[in-house]
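The values are calculated or read from the model by the stated rules, or taken from the named source; none is laboratory data. Owing to the predicted nature of the structure, the values given are computational and were not obtained by experimental measurement.
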Amino acid sequence: MGFRTTVREMYSRYCLPLLVTENDLGAHATLTEDGKIHDSYRITYLQDHIEQIQLAITDGVDMMGYPHGRLLTIFQPTKELKNVMDLLMLIVTNLF
């Protein structure tokens, strides 16, 4: 509920479409013996936040998008490359 409240407050205050660019769960992903990443806590985290954004949209908030914050680290040389690779491994092993 806190994320929805924050999104609604920002929209109410500025009356501009919103684009959430940084909202990640800083957890390390590990490839297990079965060749997959069992990252249910990150999936749940993202699902919960996407659900709150959907509710905020039904409340009238104009959302431009919600790109996952981890993907943006590709363009930030100060971040560890390992975190980007963790996310890419998660996507590849669990979606394909």
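Out of (1) outside any loop (DSSP other than H, G, I, E, B); (2) at pLDDT 75 or above, the odd one out for M85 is which?
Here M85 meets the rest and fails (2).
Does E51 satisfy being at pLDDT 65 or above and not in a helix (DSSP H, G or I)? Before you say what the answer is, go through the steps one by one.
Values: at pLDDT 65 or above: yes; not in a helix (DSSP H, G or I): no.
Considered against the rule, which asks whether it is at pLDDT 65 or above and not in a helix (DSSP H, G or I), E51 comes out as no.
Taking the stretch 1-20, which residues are more than 13 Å from I53 (Cα to Cα) and modelled with pLDDT under 90? First the steps, then the outcome.
First, pick out the residues of the stretch 1-20 that are more than 13 Å from I53 (Cα to Cα): 12-16.
Those that are more than 13 Å from I53 (Cα to Cα) and modelled with pLDDT under 90: none in the stretch 1-20.
Restricting the stretch 6-28 to residues that are outside any helix (DSSP H, G or I) and more than 15 Å from the chain's Cα centre (by Cα), which is farthest from G65 (Cα to Cα)? Talk me through it step by step, then tell me what you get.
So the first thing to find is which residues in the stretch 6-28 are outside any helix (DSSP H, G or I), and the list is 15-28.
Retained after the next criterion (residues that are more than 15 Å from the chain's Cα centre (by Cα)): 15-17.
Values: C15: 16, L16: 13, P17: 9 Å.
Applying the filter and picking the extreme gives C15.
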